[in-house]
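Enquirer: Just dropping this structure here.
Nothing in this text is a laboratory measurement; each read-out follows from the coordinates by a stated rule. As the structure is a computational prediction, the values presented were derived from the model and not from experiment. Heads up, the Cβs are rebuilt from the backbone with ideal geometry, glycines too, and the neighbour counts pull from every protein chain shown.
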Amino acid sequence: EAGVVQSPRYKIIEKKQPVAFWCNPISGHNTLYWYRQNLGQGPELLIRYENEEAVDDSQLPKDRFSAERLKGVDSTLKIQPAELGDSAVYLCASSAGENREQFFGPGTRLTVL
Amino acid sequence: QKEVEQDPGPLSVPEGAIVSLNCTYSNSAFQYFMWYRQYSRKGPELLMYTYSSGNKEDGRFTAQVDKSSKYISLFIRDSQPSDSATYLCAMKDSGGSNYKLTFGKGTLLTVNP
């Protein structure tokens, strides 16, 4: 079974530029999460989806971050405009339900110059 | 004070050593305790999952939870070079936010052949 797929794996942009990350969860997983992992830190939840509905986006900086999960499968996380402090690894995870094991993708490593 | 405290290390041990990794926490609502392993440039993968106080063993790995002291541990016996990774503790409560994982910073472990 394929795991969680994320692309791109690495992205380098200049500050104030937009950037987007894509995630394809494990087939059949209706719950999808986006996390941010800063260097030397554990992942922190940004947003959780149940199917196509964002049910917890309390930690998402809404002034510059947005996310969508059209059709309840793939998801995209966007930052516009990016700031230096956004440099981090953005992890996508999925689970078969909100209280089930979360499976993580390899992440997208973002560097903002 | 952060909800979950974890010594980031780094920790370097010879092959075959017993490794002890620890986390403390302050939130009494945490009821579920996990250990994740994260290899370099990869996403975290679930290693151990415990609910109650006590020990849980899986092969060379033993997870220990002491709720009275708000302290959890992961022991690795007969450590191998392939165990070299960052180990993250994670916790969640049993209430309405029981999907939300709170991670420690992670401990970087190197097992030298």
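Enquirer: Percent relative contact order of chain B, based on C-alpha pairs within less than 8 angstrom and at least six residues apart?
Expert: 37 percent
Enquirer: Now for a separate question. For a quick check of your reading of the filter: which chymotrypsin sites (Phe, Trp or Tyr not before Pro) in the stretch B:1-84 sit in a DSSP loop and have no more than 12 other Cβ atoms within 10 Å?
Expert: Taking the stretch B:1-84 and a limit of 12 other Cβ atoms within 10 Å, the loop chymotrypsin sites (Phe, Trp or Tyr not before Pro) found are B:TYR51.
Enquirer: Report the relative contact order of chain A, percent, no decimals, based on alpha-carbon pairs under 8 angstrom and at least 6 residues apart.
Expert: 37 percent
Enquirer: Sticking with this structure for a sec: Quickly work out the B:ASP7-to-A:TRP22 label distance, labels modelled 7 Å from Cα along the C-beta direction, and quote it in nm with one decimal.
Expert: Spacing of the two 7 Å Cα→Cβ label points: 4.4 nm.
Enquirer: For chain A, with equal point scatterers placed on the C-alpha atoms only and solvent neglected, what are the log10 I(q)/I(0) values from the Debye formula at q = 0.18 1/Å, to two decimals?
Expert: Relative scattering, expressed as log10 I(q)/I(0), comes to -0.83.
Enquirer: Among the listed pairs A:LYS11/B:LYS92; A:LYS78/B:LYS42; A:LYS15/B:LYS42; A:LYS62/B:LYS70; A:LYS62/B:LYS92; A:LYS62/B:LYS67, which have their C-alpha atoms separated by more than 29 angstrom in this model?
Expert: Violating the 29 Å limit, Cα to Cα: A:LYS11/B:LYS92; A:LYS62/B:LYS70; A:LYS62/B:LYS67.
Enquirer: Please sort by residue number the trypsin sites (Lys or Arg not before Pro) in the stretch B:47-102 whose DSSP state is loop and whose Cβ has at most 14 other Cβ atoms within 10 Å.
Expert: Here the sparse-neighbourhood loop sites are B:ARG60, B:ARG77.
Enquirer: Cα gyration tensor of chain B, axes a ≥ b ≥ c as square roots of the eigenvalues: rounded (a/c below 1.5), prolate (a/b > b/c) or oblate?
Expert: Because a/c hits 1.5 or more and a/b exceeds b/c, chain B counts as prolate.
Enquirer: Nearest 0.05, what FRET efficiency do B:GLU15 and A:ASN51 give at R0 = 45 Å with Cβ-Cβ as r?
Expert: 0.45
Enquirer: Extension gain B:ASP66-B:SER28, at 0.36 nm per residue separation less the Cα-Cα distance, in nm?
Expert: 12.5 nm
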